[in-house]
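Engineer: Quick one: the structure is below, and I'll ask about it shortly.
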Amino acid sequence: MTSKRNIEEEEEEDIISQEEDNNSGSTQQKKKKKKVVKKTKPQPLTKHANSSHNQPVPKPTNLVPKKKAEVREININDIGANELSNQDHRVEADGVLAGLISPTTLDEFYDNHFGVKELVVKRNGNNPYKSFFTKDSLDKMLRNNFLKFTENVDVTNYIDGERITLNPDGRAYPSLVWKHYKEGCSVRLLNPQTFNSNVWKVCAALQTHFQCGMGANIYLTPAGAQGFAPHYDDVDVLILQLEGKKEWRLYKPRNEGETLPKASSENFAQDEIGEPYMSVTLEAGDFMYFPRGIIHQAVSPKDVHSLHITISTYLNNTWGDLVGKVLQRALDVANQECIDFRQGLPRDYTKCLGVINSDDVGNERRKELLDKVSVLWDKLGQYLSVDDGADQMALKYLLDSLPPFLNQAEKKHSIEDEPNAFSVNLNNRIRLIRSDSIRLVIEDIAVVYHNMDNTRVFHQVGDAPGTIEFSLDCAVAVEHIINSYPNYIYIKDLPVDTDDQKLDIASAFYEKGLIMIEK
Ligand SMILES: [Fe+2]
């Protein structure tokens, strides 16, 4: 775990206010229990959880044109500070990826590259990442924070076909890191989004675009050095060359089983990977994408160092993962609801089943046991719910996600504006601060899962996202808030019976930082 004191000083205020918010929730919030284990039969998300609310949902006020916005390219240095930032975060997020891959369009990217093959964008000396993160930023990060070797920083080398990690114990003092760098080592920052706001901003925007958790590593390599052995990763990567140059060699997956793999490879020897299908030198300002499974290695040229950031995504975000969630959820419910699944195994199953007995086709007892399993398979099928599995995947995304990066205007209109925090009233107009910071799941009650309690340290918050619980008759009002994004709506228009309920719902959202109030 990384403590709060590790956070860069200039950013510490943000983190503290966020954590104070987490720790000092109202009595009402403290009563809310985290609830992740599902104990009930899956129920569809519904607008009709309570039939007493069949009145039409009031239309939100249109502050943003209904027509689909054009994708506008956003420079990563302008995230949170462009005209889309305060309109619709989803459109801004699309613009961030569009800016990275330009002049390739998002359609071309998804048609021809994503999950299929690399994309290289050369910018011929024009560096749109200038000032995003520099060698000086790295030095500042080391000086202003308590970074530790292995946890936050690696110093590595690759000599004579072998990768060597030279991490000492303890704190990564700047002088120690630079000593290793001068001796030819590469420096890898393992979770720079925790300590640097620019990295946090771009990862938070891209997670909204991909609807998947993002990771980041920053690599500084001295001239003429290679830090890592050839390997492939279990994530898709976006590589931004920030300073200097790096020569990359890419190799096709060696077989179908290593195409879009679920796990990263070990380090390969050069004679295990064949010839590269592509070699390219990335210069400052260039961009490269390649999917998980592409074997790669990179070396900096003899005359210049290299600084690049690798932003990664799509870890365990596959159809197989969705099906796995559907199956696991179905089994959880079957175990709960059907005694057949809870009955004990017969003692002789070890003698009749198993690979060693698989040829014993004439064994009647074996046949009897196999028939029993077939019956259970059929019963399990009755509990399969794709929507329920999708909710589980969405909750995993919330848990994996970074908290949103808020600009000054957003802070001013939310609970982050601590000195001016106020009670909501029926005539306030509200909107979600981020549409993808929240997921409504219907259990015995309506549960709003959110990522506002997340920290910038991966999974530091625990094994479940934050929650707010409501009675089922509030579900329609919660959905109304969600579906109205990015428009503001009046609290008095929330479709629940009483004014107290309307204020309770709005207050619960406000106190968790989930909504902005028009002032
Ligand atoms: Fe890699």
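Bear in mind that the values in this text are calculations on the coordinates, not laboratory data. Given the structure is predicted, the values throughout are model-derived calculations rather than measurements. In this analysis, Cβ positions are derived from the backbone assuming ideal geometry, glycine residues included, and neighbour counts consider all displayed protein chains.
Engineer: How big is the Rg/Rh ratio for segment 284-412, C-alpha atoms only, Rh by Kirkwood, two decimals?
Structural biologist: That ratio equals 1.23.
Engineer: Using the Cα centre of segment 75-121 as origin and beta-carbon charges of +1 (Lys, Arg) and -1 (Asp, Glu), tell me which of 89, 101, 115 is placed farthest towards the positive end of the dipole.
Structural biologist: Of the candidates, 115 comes out farthest on the positive side.
Engineer: Assuming a ≥ b ≥ c are the square roots of the Cα gyration tensor eigenvalues, decide whether segment 380-430 counts as rounded (a/c under 1.5), prolate (otherwise, with a/b larger than b/c) or oblate.
Structural biologist: Taking the square roots of the gyration eigenvalues as a ≥ b ≥ c, segment 380-430 is prolate.
Engineer: Same structure, new question: Can you pull the three principal axis extents for the Cα set of segment 330-489, in Å, largest first?
Structural biologist: Here the spans come out as 78, 36, 22 Å, largest first.
Engineer: While we're here: Looking at 208, 508, 165, which one has the Cα that reaches farthest to the positive end of the dipole of the chain (charges on Cβ: Lys, Arg +1; Asp, Glu -1)?
Structural biologist: Result: 508, furthest along the dipole toward the positive end.
Engineer: Say each of residue 254 and residue 382 gets a label point 7 Å from the Cα, pointing the same way as Cα to Cβ; how far apart are those two points in nm?
Structural biologist: 4.8
Engineer: Find the eigenvalues of the gyration tensor of the Cα atoms of segment 251-308, then list the square roots of 5 times those eigenvalues as equivalent ellipsoid semi-axes, largest first, in whole angstrom.
Structural biologist: 24, 14, 10
Engineer: Might you report the magnitude of the Cβ-based charge dipole of the chain about its Cα centre, with Lys and Arg at +1 and Asp and Glu at -1, to the nearest 20 debye?
Structural biologist: 420
Engineer: So, one more: Of 325, 262, how do they rank once you tally other Cβ atoms within 10 Å and put the fewest first?
Structural biologist: 262, 325
Engineer: While we're looking at this one, here's another question. In debye, nearest 20: dipole of segment 277-386 around its Cα centre with unit charges on the Cβ of K, R (+) and D, E (-)?
Structural biologist: 280
Engineer: Additional query: Run the numbers for residue 179 and residue 126: contour at 0.36 nm per residue of separation, minus the present Cα-Cα distance, in nm.
Structural biologist: Residue separation times 0.36 nm, minus the Cα-Cα distance, leaves 15.9 nm.
Engineer: List the residues whose amide H sits under 5 Å from the amide H of residue 228, counting only those 5 or more places along or on another chain, with H placed 1.01 Å from N in the peptide plane.
Structural biologist: 298
Engineer: Could you list 248, 178 in order of exposure, starting from the residue whose Cβ has the fewest other Cβ atoms within 10 Å?
Structural biologist: Ranking 248, 178 by Cβ neighbours within 10 Å, fewest first, gives 178, 248.
Engineer: Could you line up 481, 101 from fewest to most neighbouring Cβ atoms inside 10 Å?
Structural biologist: Least to most surrounded, the residues fall as 101, 481.
Engineer: Okay, next question. List the extent of the Cα atoms of segment 113-160 along each of their three principal axes, largest first, rounded to whole Å.
Structural biologist: Rounded to whole Å, the extents work out to 38, 32, 25 Å.
Engineer: Treating segment 197-288 as a set of equal point scatterers at the Cα positions, no solvent, please give the Debye-formula log₁₀ I(q)/I(0) at q = 0.24 Å⁻¹.
Structural biologist: -1.42
Engineer: Collect residues whose amide H, placed 1.01 Å from N in the peptide plane, falls under 5 Å from the amide H of residue 402; neighbours closer than 5 in sequence don't count.
Structural biologist: It is 214, by chain and number.
Engineer: Taking the dipole about the Cα centre of the chain, with the C-beta of Lys and Arg at +1 and of Asp and Glu at -1, give me whichever of 341, 260, 76 is farthest to the positive side.
Structural biologist: 341
Engineer: Now for a separate question. Between segment 82-159 and segment 386-455, how many Å separate their Cα centres?
Structural biologist: If you average the Cα positions of each part, the centres end up 25 Å apart.
Engineer: Using unit Cβ charges (K, R positive; D, E negative) and no other charged atoms, how large, in debye to the nearest 20, is the dipole of segment 392-472 about its Cα centre?
Structural biologist: That gives segment 392-472 a dipole magnitude of about 360 debye.
Engineer: So how far, in whole Å, is the C-alpha centre of segment 463-495 from the one of segment 298-321?
Structural biologist: Centre-to-centre distance over Cα atoms comes out at 38 Å.
Engineer: Now, a different point. Would you report the distance distribution of C-alpha pairs in segment 172-218 as whole percents per 5 angstrom bin, up to the bin with the largest distance?
Structural biologist: 5, 20, 21, 18, 13, 10, 8, 5, 0
Engineer: OK, next. Spelling out what I want: for every residue of segment 407-416, take phi, set θ = phi - 60°, compute 6.51 cos²θ - 1.76 cosθ + 1.60 (Karplus), and round to whole Hz; glycine and proline get x.
Structural biologist: 8, 4, 5, 5, 4, 5, 9, 10, 5, 4
Engineer: Okay, helix-only estimate at 222 nm for the chain: each DSSP H run of n ≥ 4 adds -39500 (n - 2.57), divide by all residues, round to 500 deg cm²/dmol; what do you get?
Structural biologist: About -9000 deg cm²/dmol.
Engineer: Separate question: Any chance you could get the radius of gyration and Dmax over the Cα atoms of the chain, in Å?
Structural biologist: That works out to 26.0, 79 Å for Rg and Dmax.
Engineer: Could you give me the radius of gyration and the Dmax of segment 80-223, taking only the C-alpha atoms into account and expressing both in angstrom?
Structural biologist: 17.7, 53
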